[in-house]
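Read the figures in this text as sums done on the coordinates, not as results from a lab. The shown structure was predicted, so the numbers you read here are calculated from the model rather than taken from an experiment. Cβ atoms come from the backbone with ideal geometry, glycine included; neighbour counts cover every protein chain shown.
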Amino acid sequence: MVDQRDYYEVLGVGRRASSAEITAAYRKLAIRFHPDKNPGDAGAASRFKEAARAFEVLSDDDLRSRYDQFGHAGVEGGRRHEFNDFGEVFEAFGDLFGGGIFGEAFGGRQRRTGARKGRDVFCHVRLSLLEAARGTTTTVEFDRHETCGKCDGSGSRKGTTPQPCDYCKGRGQVIQSAGVFRLQTTCPACRGTGSVIRDRCPACDGEGVRQEHATRKVTIPAGVDRDVRVRLAGEGEPGSSGGPPGDCFCVIEIEDHPFLVRQGRDLHCEVPISYTQAALGATVDVPTLDGPRPLDIARGTQPGDVIRVRGLGMPEVRGRGIGDLHVHVQVEVPRKVSRRAEELLRELAVEEHAEVSPKRSSFFSRLGEYFQGKNSADQGGPDSEEASGA
């Protein structure tokens with residue numbers, strides 16, 4: 001996915017900005033970077049379309065909520081317009097300026113009323129690490145609108161049809177004169193549709209759609225990672241003017257594993273061993289996706305050594321191989337040892353010619369011995385004590 005700037009940053013507003021602040025910020029940017037004011041300036045053209053994309057998302061409560069929760073992934077495909085050219089920006093937001101900046105005075109275009117794809121919807125799918133590795137089929141639930149079955153989406157009571165708007169004569173646009181300017185704006189009576197519903201459908205109150213709580217089965221491929229989206233085609237909001245429905249995107253969440261940590265397609269774990277196992281070698285059980293598995297620890301293994309076990313990681317979601325398991329060895333030093341263990345360790349220290357602390361009865365006895373020795377040194381050492389005693 002191409003990196004995109006944060007939409008709040010694009011408009012220069014905070015995340016708690018009100019609708020009025022967002023609209024004002026967009027209006028200011030649109031005027032500043034309007035193509036008619038910056039002819040031939042590719043940078044201004046890019047900023048103009050970028051601001052339009054940001055405004056469409058942040059001015060819509062539903063899209064803004066999804067953007068705040070999921071970022072760009074949450075609204076990709078859910079916007080009503082892609083803004084490939086200036087005409088689509090004019091078409092979408094011309095009425096925001098009363099037609100002035102997007103109307104005929106600045107070279108705006110007539111609003112088009114074609115079929116549009118419905119908005120996408122989103123839901124969460126929570127998986128264990130094993131389910132993510134092996135793939136699974138699960139049930140998801142989400143809310144969406146569906147075409148009203150009583151009126152077939154027309155919004156009119158059964159047996160009736162929408163009528164042409166008297167105010168705009170079915171054009172969806174009205175033109176007003178303001179001095180030397182002619183301003184084209186969206187018809188306030190029909191909101192640009194060109195028709196009005198005189199007898200509303202009682203089931204949907206003239207909206208043409210009704211809220212639905214949907215339940216669907218979704219197949220999750222093996223190897224998915226966090227924030228991957230699995231698409232359920234055609235399960236989104238219904239389209240307008242005969243357009244196709246949107247899609248449902250299942251956003252993957254993966255639970256933390258008690259022992260394994262995922263990094264790409266590799267898995268990592270920490271395994272504690274004793275110093276005798278590290279020195280002499282041993283066979284210990286290590287965690288894997290399928291449960292404990294024996295692993296040989298070589299003689300002389302050092303703290304922090306990493307043992308790589310091939311083929312025990314996560315599969316690639318596109319079937320391009322399997323990652324590895326990386327076992328991080330942690331050598332544990334016991335805080336307490338038995339009397340026999342201490343004797344053996346002291347014998348080992350002698351064998352290795354290693355200096356170790358002598359056995360002490362307690363911390364306080366060691367502390368007393370330390371200060372007694374220090375005072376003796378301050379007073380001149382043993383010779384001073386003998387002189388004093390004489």
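If packing is taken as the average number of other Cβ atoms within 10 Å across a peptide's residues, how do 317-330, 43-56 rank, most packed first?
Going by the mean number of other Cβ atoms within 10 Å, highest first, we get 43-56, 317-330.
For each pair in LYS37/LYS117; LYS117/LYS150; LYS49/LYS117, compute the distance between the two Cα atoms and list the pairs where it is over 30 Å. Working shown, then result.
Values: LYS37/LYS117 32 Å; LYS117/LYS150 22 Å; LYS49/LYS117 20 Å.
Correct reply: LYS37/LYS117.
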